[in-house]
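J.: Sharing a structure, written as C-alpha cells. Questions coming.
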Amino acid sequence: MEMEYPRLSSGMLYPTVSKWMNMSWLSALICTVILILLTGCTKPSSTQAARLDSIRPGMTRDEVLEIMGPPQRQEIHGSTEFLIYSTDGRSTTALLDFIPIAIVDGRVTGTGRSLYEAVVQAHAPRRGNR
C-alpha cells in the first residue's frame, strides 16, 4: 500500500507533518549513531595528550588530579613530588613511556621527562672517588 501525500494547488506533492516527524526522528537517530562511533574511535593516547596540554605551571595538585585522574605512579625527590602518567593512557605502571608532572609546595612547577631526569639526578646519592 503506497502512502498518499496531500497535493498543493500547483499539483506538487508534500509530505504530511507526521511524515516529517518520522524523518526528523530517523535523522536524529542516525546522527547519534555516527557521534557514538566517532567518539569510540578516539585513541586513549590522544585524549591523554589533550588532558596534559591543559596542565599549566601554578595549577594546584588537586586541579591536576581533577583533569588527569589518579597517577599510575608517584615519586618524591627532595621537595619535588612527581605525578607520573602513562603516555598512552592505558599502561597501569607507566614504567617506560610516561609523562611526569612536577609538584612543589602543592603547585605544578613543570612537566616532562627532561625536568624529571634533572631533578632525579640532582637528588641521587653521590658516589665518592675511590
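The values are calculated or read from the model by the stated rules, or taken from the named source; none is laboratory data. This structure is a prediction, so every number in the text was calculated from the model and none was measured. Cβ atoms come from the backbone with ideal geometry, glycine included; neighbour counts cover every protein chain shown.
J.: Can you name every residue in the stretch 43-87 that is of a type in the set (G, A, S) and at negative phi?
T.: S45, S46, A49, A50, S54, S79, S86
J.: I would also like to ask the following. Output the residues belonging to the stretch 73-130 that are within 27 Å of the chain's Cα centre (by Cα), assigned to a loop (DSSP other than H, G, I, E, B) and either modelled with pLDDT of 90 or more or surrounded by 14 or more Cβ atoms within 10 Å (Cβ to Cβ) (or both).
T.: Those that are within 27 Å of the chain's Cα centre (by Cα), assigned to a loop (DSSP other than H, G, I, E, B) and either modelled with pLDDT of 90 or more or surrounded by 14 or more Cβ atoms within 10 Å (Cβ to Cβ) (or both): T87, D88, G89, S91, A94, D105, G106, G112.
J.: Which of (1) modelled with pLDDT under 95; (2) surrounded by 14 or more Cβ atoms within 10 Å (Cβ to Cβ) is the odd one out, the single condition V64 does not satisfy?
T.: Only one criterion is unmet by V64, namely (1).
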